[in-house]
1. Please work out which one of (1) of a type in the set (D, E); (2) in contact with a Pro (Cβ under 7 Å, 6 or more places away or on another chain); (3) part of a loop (DSSP other than H, G, I, E, B) is the condition D294 fails and give its number.
2. Which one of R66, R130 is assigned by TED's automatic domain parsing to the domain that holds R156 and out of contact with any Leu (no Cβ under 8 Å at 6 or more places or on another chain)?
3. Just give me the residues in region 319-336 being within 8 Å of S303 (Cα to Cα) and either crowded, with 16+ Cβ neighbours inside 10 Å or modelled with pLDDT of 90 or more (or both), in sequence order.
4. With P150, P207 as the choices, which residue is within 24 Å of S34 (Cβ to Cβ), assigned by TED's automatic domain parsing to the domain that holds R341 and touching a residue at least 60 places away in the same chain (Cβ under 8 Å)?
5. Any idea how many residues of region 168-204 are in a strand (DSSP E or B) and outside the structural domain of R341 (by TED's automatic domain parsing)?
6. Residue check: is H63 assigned to a strand (DSSP E or B) and in contact (Cβ under 8 Å) with a residue 12 or more places away in the chain?
7. For region 237-250, give me each residue that is more than 18 Å from A26 (Cβ to Cβ) and surrounded by 20 or more Cβ atoms within 10 Å (Cβ to Cβ).
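The values are calculated or read from the model by the stated rules, or taken from the named source; none is laboratory data. Please read all numbers here as calculations on a predicted model, not as lab measurements. For neighbour counting, all protein chains shown are included, and Cβ atoms are generated from backbone atoms with ideal geometry for every residue, glycine included.
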Amino acid sequence: MNTAAVLPLELPAGRPPRILIVRLSAIGDVVMASGLIRSLRARWPDATIHWLVEPVAAPLLAHNPRLDGVKPMPRAAWQKLWRERRLGALAAEVLAFRRSLRAERYDLVLDAQGLLKSGLCAWMTGAPQRVGLRSHEGSQFLVHHRVMPPRGADRRIGSEYRALGIALGAADADFKLDLAVGAAQRERARAVLAEAGVAGRWVALCPFTTRPQKHWFEDRWAELAGAFAAQGLQPVIVGGPGDVEAARRIAALAPAAVDLAGRLRLDETVAALAEAALLVGVDTGLTHMGTALDVPTVALFGSTRPYLDTATPRSVVLYDALPCSPCRRRPSCAGRFDCMRSLQVQRVFDTAVGLLGGRPMIPLVPAP
């Protein structure tokens, strides 16, 4: 369909609609889809808006005052029952989940993931209007409308979710990434930072992601950390529990860096990043959070380019369009990762300092 056209939705007259967003995972995708919250709230100010999400990403949404509810999808628990061959218990859990969704009597459900698992969740609601985003894997047969924005036509962050909002009648300008910080999480993040000796302005380094071809090199992170320290910016390594070992390796190469990997929960991490003066990261959820939180952010992309336009002058994407880029999940460089290797420390450092309105005080020796 033409994404410039508004869908012919049939919503109830005389009362605000009840709406469910289905975007189950992953963390970065939930961050980018969060712009739908503001789009929907502007389109239907009095609507009841819920979000269905897997528990791992639920903390990103839990504190948002523009959402009326966050519903966890217990996929991990179902998988455990399946592995244990407790099929009767699994069937009972799934049916109970379906009943809980139907009891909400949603008027409009948005499958913002477009996969079979998300499409099934949308279908379980029984909502009379279900809209899928790029629906495939069979999920296209579980929705009433499908939005198919042309790939690459919009280079802005969250462009496909923006297109979904427009197809629902929301204004383009209403789409803005929407992360909220919880009060208790803010206090906890500040306490952890203070305990680690972080005072004054600091820069969040977010080196960790899911695939090796999306990583920058550990020695370059260490060199960058030293450069920031020389500028009076405390470098802080931020990551989750699975990043602890790699964070320790970088910290060993960068004595000036504070290592917070694994020390904060997800919503506490959001709160901590909101306090940073600057963020540098690869294609990972934490980097997208920096942009969402309006923190000056430098995003290092290579094998992937989820967006090239951050839609804000406070965030910049560094990406070199090599002949092999973006290779996504099929690198052809024999493990050299040329796209990330082209991003020299001096260039990253200069870009980051420029976002703060300053100039580098020291020249750096480029990494070999």
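1. (2)
2. R66
3. Selection gives S325, P326, C327, P331.
4. Being within 24 Å of S34 (Cβ to Cβ), assigned by TED's automatic domain parsing to the domain that holds R341 and touching a residue at least 60 places away in the same chain (Cβ under 8 Å) holds for just one of P150, P207, which is P207.
5. Initially, region 168-204 is screened for residues in a strand (DSSP E or B), giving 202-204.
Then drop every residue that is not outside the structural domain of R341 (by TED's automatic domain parsing), which leaves none.
Total meeting the criteria: 0.
6. no
7. Taking region 237-250 first, the residues more than 18 Å from A26 (Cβ to Cβ) are 237, 244-250.
Matches in region 237-250: I237, A247, I250.
Quick grid of which residues meet (1) of a type in the set (G, A, S); (2) within 25 Å of the chain's Cα centre (by Cα):
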| residue | (1), (2) |
| --- | --- |
| V317 | no, yes |
| D320 | no, yes |
| S325 | yes, yes |
| G335 | yes, no |
| R341 | no, yes |
